[in-house]
């Protein structure tokens, strides 16, 4: 039994696409563990790229990793030996250019398909650094700005010819 998990990424130009994924092959239906085989394809992949009709019984069967790699869409794609190689290539600026530390924090939650209670919780858990952010200087600057704006608004305006001079 074989399972594929893949994500397709489309660049802003709408033309360039990359598919990054994992292939899991289980020895039998009763096995619950399989070694992942990471892959990359510089194109969009369709269901037909993973399946072929068996000449013996006419049923859809999963293509072998080698047969998928030989397909026309996969020509310049790659099967990786290790997850480390996969993540290294995925992080390259010529590919997805992701920050590895951020991905390691976000991926497990994203793969679990769970929603957080609020956007604030998401930011605190995944976006902001783990240590507390020093906000005193920003808060102080903001307060000073508000005070100056209020004083300026309340200040008497000059009257007469001097008021017209810049």
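Since every read-out is calculated from the coordinates, none of them should be taken as a lab result. Just so it is clear, the structure is predicted and the values come from calculations on it, not from any experiment. Using ideal geometry, Cβ is built from the backbone for each residue, glycine included, and neighbour counts are taken over all protein chains shown.
Assorted remarks:
- Highest mean packing first, where packing is the average number of other Cβ atoms within 10 Å per residue, the peptides 34-43, 92-101, 147-156 line up as 34-43, 92-101, 147-156.
- Based on C-alpha pairs under 8 angstrom that are at least 6 apart in sequence, segment 2-118 has a relative contact order of 17 percent.
- Computed on the Cα atoms alone, the convex hull of segment 2-118 gives a volume of 159 cubic angstrom per residue.
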